[in-house]
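Asker: There's a structure below that I have some questions on.
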Amino acid sequence: MIIVYLKGGLGNQMFQYAAGRALAIMKNKKLLLDRGFYLNSPDRPYELNVFDVQEDFLDLPSNSLIRLCLNNELWPVRGLTKRLIAKCGVSTVVDSEFGFDPRIKERKGILYLIGYWQTEKYFDFIADIIRDDFGFRKQPDPINMEIINHIKACESVCIHVRRGDYFASAENRAIYDCCGLDYYARAIEKLKERLENPYWFVFSDDPHWVRNNLVCCEPKTVIMHNQNLQNFEDLRLMTYCKHFIIANSSFSWWGAWLADYSSKIVIAPKIWYADDQFRSPDIVPESWIRL
């Protein structure tokens, strides 16, 4: 059995699911999803149910000692939680956050995956299965369908600008290196050199800031209508784009990765985190351009 502890927003949940799904297939084991983090998380809901993923859940009582430790400990998970889980005959596997660790393939028994697993190297050998799992269950509404048709009909470029929670606190600002206007200007110029008549579709959690500040790309459409629990619709729109300028965000990472345009160009930031202790050297696929 492979158990995945889910935490964070949609993009992070997708990485966690993909790593667990790949390991379950590799070892011919059942995959269980632990949604316990979201029992007491008003700001971050469980969101994988928008996809055709395999949904078998691990249900632990919210007042159980393991649940309380998992939901309140700072990662990396500390000794108490590991010992509690081990008493249940389960081995804890914690993502080191220092890049791909091939040793995960050697682990045996019932495994409990805790971490973010932010690299395709954990699941690239089943890429087609992951793409199928992340197919959307429901059809887009008429507004989004109209935008999809526009995206498909032009030399579409997705630009993602992540600001909101990266600026929410001094702690977040110290961790995340928010991509500045210089990054976007250089990336836009690079694509202008390689594309004829690009049309820019801009996605952001701060669309009003984008409208006022991102002025170096025209013509463009700033997507503003998919808010809150509809943010997966932005991800769906991204996947139809032909080319990408992503932020240091797992959300736009998945938009670019899921896009199936054979000649797509993806530009990603060279620095993913401002804090060196959160190094992630394998997060950007080798075929993408780092600026």
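The values are calculated or read from the model by the stated rules, or taken from the named source; none is laboratory data. Just so we're clear, the structure is a prediction, and the values are computed from it rather than from any experiment. Cβ sites come from the backbone with ideal geometry, for glycine too, and all protein chains shown count toward neighbours.
Asker: Scanning for something in a loop (DSSP other than H, G, I, E, B), under 27 Å from Ala19 (Cα atoms), at pLDDT 95 or above and of a type in the set (Lys, Arg), does segment 133-141 turn up at least one residue?
Answerer: Taking every residue of segment 133-141 in turn, at least one turns out to be in a loop (DSSP other than H, G, I, E, B), under 27 Å from Ala19 (Cα atoms), at pLDDT 95 or above and of a type in the set (Lys, Arg).
Asker: Residues of segment 192-207 being part of a strand (DSSP E or B) and either polar (S, T, N, Q) or crowded, with 21+ Cβ neighbours inside 10 Å (or both), which ones? Spell out how you get there, then give the answer.
Answerer: To start, the set of residues in segment 192-207 that are part of a strand (DSSP E or B) comprises 198-204.
Trp200, Phe201, Val202, Phe203, Ser204 - these are the residues of segment 192-207 that are part of a strand (DSSP E or B) and either polar (S, T, N, Q) or crowded, with 21+ Cβ neighbours inside 10 Å (or both).
Asker: Give me the pairs, please: first residue somewhere in segment 20-35 and in contact (Cβ under 8 Å) with a residue 12 or more places away in the chain, second residue anywhere and hydroxyl-bearing (Ser, Thr, Tyr), beta-carbon distance under 6 Å, and either six or more positions apart or on two chains.
Answerer: Ala22/Tyr122; Asp34/Tyr5; Arg35/Tyr46
Asker: Counting just the residues of segment 72-93 that are under 25 Å from Thr119 (Cβ atoms) and surrounded by 17 or more Cβ atoms within 10 Å (Cβ to Cβ), which one comes out modelled with the highest pLDDT?
Answerer: Just the residues of segment 72-93 that are under 25 Å from Thr119 (Cβ atoms), to begin with: 73-78, 81-82, 85, 90-93.
Filter once more, so that each one left must be surrounded by 17 or more Cβ atoms within 10 Å (Cβ to Cβ): 77, 81-82, 85, 90, 92-93.
Numbers: Val77: 61, Thr81: 70, Lys82: 73, Ile85: 76, Val90: 84, Thr92: 84, Val93: 88.
Among those that are under 25 Å from Thr119 (Cβ atoms) and surrounded by 17 or more Cβ atoms within 10 Å (Cβ to Cβ), it is Val93.
Asker: Mind counting the residues in segment 247-266 that are assigned to a helix (DSSP H, G or I) and aliphatic (A, V, I, L, M)?
Answerer: Going residue by residue through segment 247-266, those that are assigned to a helix (DSSP H, G or I) are 250-258.
Checking which are aliphatic (A, V, I, L, M) leaves us with 256, 258.
Going through segment 247-266 one residue at a time, the tally reaches 2.
Asker: From the list Phe244, Phe232, exactly one residue is out of contact with any Lys or Arg (no Cβ under 6 Å at 6 or more places or on another chain), in a helix (DSSP H, G or I) and in the same structural domain as Leu195 (by TED's automatic domain parsing). Which is it?
Answerer: After applying the criteria, what remains is Phe232.
Asker: Report, by residue number, each residue of segment 36-50 that is without any contact (Cβ under 8 Å) to a residue 40 or more places away in the chain and assigned to a helix (DSSP H, G or I).
Answerer: Here is the first cut: in segment 36-50, the residues without any contact (Cβ under 8 Å) to a residue 40 or more places away in the chain are 36-44.
Correct list: Gly36, Phe37, Tyr38, Leu39, Asn40.
Asker: For segment 38-53, enumerate the residues that are among the hydrophobic types (A, V, I, L, M, F, W, C) and closer than 19 Å to Asn228 by Cβ.
Answerer: Within segment 38-53, the subset among the hydrophobic types (A, V, I, L, M, F, W, C) is 39, 48, 50-51, 53.
Listed by number, the residues that qualify are Leu48, Val50, Phe51.
Asker: Considering only residues that are among the small types (Gly, Ala, Ser) and at pLDDT below 95, look in segment 4-50 and name the one that is nearest to Ile66 (Cα to Cα).
Answerer: Gly36
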